[in-house]
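Peer 1: Take this structure, written in structure tokens, and hold onto it; I'll ask about it next.
The values are calculated or read from the model by the stated rules, or taken from the named source; none is laboratory data. Note that the coordinates shown come from a computational prediction; the quantities given were computed from them, not determined experimentally. When we count neighbours, we look across all protein chains shown, and the Cβ atoms used for this are built from the backbone with ideal geometry, even at glycine. Accessible surface areas use protein heavy atoms only, side chains included; no ligands, DNA or RNA. Shrake-Rupley method; radii C 1.70, N 1.55, O 1.52, S 1.80 Å.
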Amino acid sequence: MTVNAYFTPESLEEALSLKAQYGYDLHVIAGGTLMMPQINDGLFFPETVMGLRRAGMDTVTKNGSTIIGAAATMTQMEAEAGQPILQEAAHSVGGWAVRNMATAGGNLFNQPPYGDFCVALLALDAQVKIQSATSERVVDLNEFMTGGRQLAADELITELHVPNPSGLTAFRKFGRRKANTATIVTVAAQINVADGVISKTRIALGGADRVPMRSPAAEAVLHNAPASQETIEAAAAAAAEASNPVSDAVASKWYRRQMVMVQLKRTLSEMLGA
């Protein structure tokens, strides 16, 4: 352990001031479920660290949408009524000890095969609020993920803005065990159907690429298409074809691609009753 300075700011303003002062040299920790295993295994040696537990960034509020503080835990999200897809996604993250520590903001930076909560956020059209001591910006979560999850040296993710879902939503995690298991594939979806025709469609996948992201290929097949088994099979095949998963100790690239097709097909069939 080589930490020479550990800061525990008492407010967001103090946290942003410290980030402005130290920039990329200041490593941010909230729950510690990402950084601490690397430190304990001797893979990472940060000298200057900032903990966010006391910075007031763990609130969850509702005002036409759900605003999640970046340091809100998975346990908090499990208890949030009105967003069943987020509750289910939060419950899928590790065991209870991990969920008591793991945060909504930290989940965005998980590497495959993790990051299940992020998949649900993507299906709900979530946005990310990013702040520095002198500025703030709100960006689409999918753009943030596909753009390399880049932050300026003085920036922090402070909030996640989640619109209230419309239509049908679903979340499915497929792993080797029922609970407390690494992800092979995760699927989250939000779909509107009127008179047997699919309109608004959001399909998000975890384990299908190097980061969780939406599936434009599946969404294109589903948009304005009949809610039929033929449409579902075509969307699942398109998602699998467009996926670029990694091989690791949990599953091979080939197997993950197959499971994208299988798990998306099952999810859509249950949602649409087809």
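Peer 1: From the list Thr169, Thr186, which residue is touching a residue at least 40 places away in the same chain (Cβ under 8 Å), open to solvent by 20 Å² or more (accessible area, probe 1.4 Å) and either touching a strand residue (DSSP E or B) at 6+ places or on another chain (Cβ under 8 Å) or not in a strand (DSSP E or B) (or both)?
Peer 2: Numbers: Thr186 fails: open to solvent by 20 Å² or more (accessible area, probe 1.4 Å).
Exactly one of Thr169, Thr186 is touching a residue at least 40 places away in the same chain (Cβ under 8 Å), open to solvent by 20 Å² or more (accessible area, probe 1.4 Å) and either touching a strand residue (DSSP E or B) at 6+ places or on another chain (Cβ under 8 Å) or not in a strand (DSSP E or B) (or both), namely Thr169.
Peer 1: Could you look through the stretch 68-127, keep only residues that are charged (D, E, K, R) and in a helix (DSSP H, G or I), and pick out the one that is surrounded by the fewest Cβ atoms within 10 Å (Cβ to Cβ)? Give the derivation first.
Peer 2: Residues of the stretch 68-127 that are charged (D, E, K, R), as a first pass: 78, 80, 88, 99, 116, 125.
Going one step further and asking which of them are in a helix (DSSP H, G or I), we end up with 78, 88, 99, 116.
Working: Glu78: 17, Glu88: 20, Arg99: 22, Asp116: 27.
Across the stretch 68-127, the extreme among qualifying residues is Glu78.
Peer 1: So which of Thr48, Thr61 is of a type in the set (Ser, Thr, Tyr), touching a strand residue (DSSP E or B) at 6+ places or on another chain (Cβ under 7 Å) and surrounded by 14 or more Cβ atoms within 10 Å (Cβ to Cβ)? Break it down into steps so the answer makes sense when it comes.
Peer 2: Values: Thr61 fails: surrounded by 14 or more Cβ atoms within 10 Å (Cβ to Cβ).
Exactly one of Thr48, Thr61 is of a type in the set (Ser, Thr, Tyr), touching a strand residue (DSSP E or B) at 6+ places or on another chain (Cβ under 7 Å) and surrounded by 14 or more Cβ atoms within 10 Å (Cβ to Cβ), namely Thr48.
Per-residue answers, yes or no, for (1) on the phi < 0 side of the Ramachandran plot; (2) in contact with a helix residue (DSSP H, G or I) (Cβ under 9 Å, 6 or more places away or on another chain); (3) at pLDDT below 95:
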| site | (1), (2), (3) |
| --- | --- |
| Leu156 | yes, yes, no |
| Val162 | yes, yes, no |
| Ala194 | yes, no, yes |
| Arg210 | yes, no, yes |
| Glu219 | yes, yes, no |
| His223 | yes, no, no |
| Thr231 | yes, yes, no |
| Ala237 | yes, yes, no |
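Peer 1: Identify, by number, the condition in (1) part of a loop (DSSP other than H, G, I, E, B); (2) within 15 Å of Gln263 (Cβ to Cβ); (3) among the β-branched types (Val, Ile, Thr) that Val211 doesn't meet.
Peer 2: It is condition (2) that Val211 fails.
Peer 1: Hey, another quick one. Taking the residues in the stretch 23-40 that are in a helix (DSSP H, G or I) and in contact with a strand residue (DSSP E or B) (Cβ under 6 Å, 6 or more places away or on another chain) as candidates, determine which candidate is farthest from Pro112 (Cα to Cα).
Peer 2: Out of the qualifying residues, it is Asp25.
Peer 1: Now a separate question. What is the residue count in the stretch 104-148 for residues that are closer than 15 Å to Thr183 by Cα, in contact with a Leu (Cβ under 6 Å, 6 or more places away or on another chain) and free of Cβ contacts under 8 Å to residues at least 60 places away in the same chain?
Peer 2: 0
Here is a yes/no grid of residues against (1) open to solvent by 60 Å² or more (accessible area, probe 1.4 Å); (2) part of a loop (DSSP other than H, G, I, E, B):
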residue: Thr231; (1), (2): no, no
residue: Ala237; (1), (2): no, no
residue: Glu241; (1), (2): yes, no
residue: Ser247; (1), (2): yes, yes
residue: Val250; (1), (2): no, yes
residue: Trp254; (1), (2): yes, no
residue: Lys265; (1), (2): yes, no
residue: Glu270; (1), (2): yes, no
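Peer 1: Determine whether Arg177 is at positive phi and either assigned to a helix (DSSP H, G or I) or surrounded by fewer than 17 Cβ atoms within 10 Å (Cβ to Cβ) (or both).
Peer 2: Numbers: at positive phi: no; either assigned to a helix (DSSP H, G or I) or surrounded by fewer than 17 Cβ atoms within 10 Å (Cβ to Cβ) (or both): yes.
When the stated conditions are applied, Arg177 does not pass them.
Peer 1: Exactly one condition in (1) touching a Phe, Trp or Tyr at 6+ places or on another chain (Cβ under 8 Å); (2) of a type outside the set (S, T, N, Q); (3) surrounded by fewer than 19 Cβ atoms within 10 Å (Cβ to Cβ) is not met by Met36; state its number.
Peer 2: Exception for Met36: condition (1).
Peer 1: Something else now. Among what's in the stretch 63-85 and is at pLDDT 90 or above and over 17 Å from Gly31 (Cβ atoms), pick the residue that is farthest from the chain's Cα centre (by Cα).
Peer 2: Among those residues, the one meeting the criterion is Ser65.
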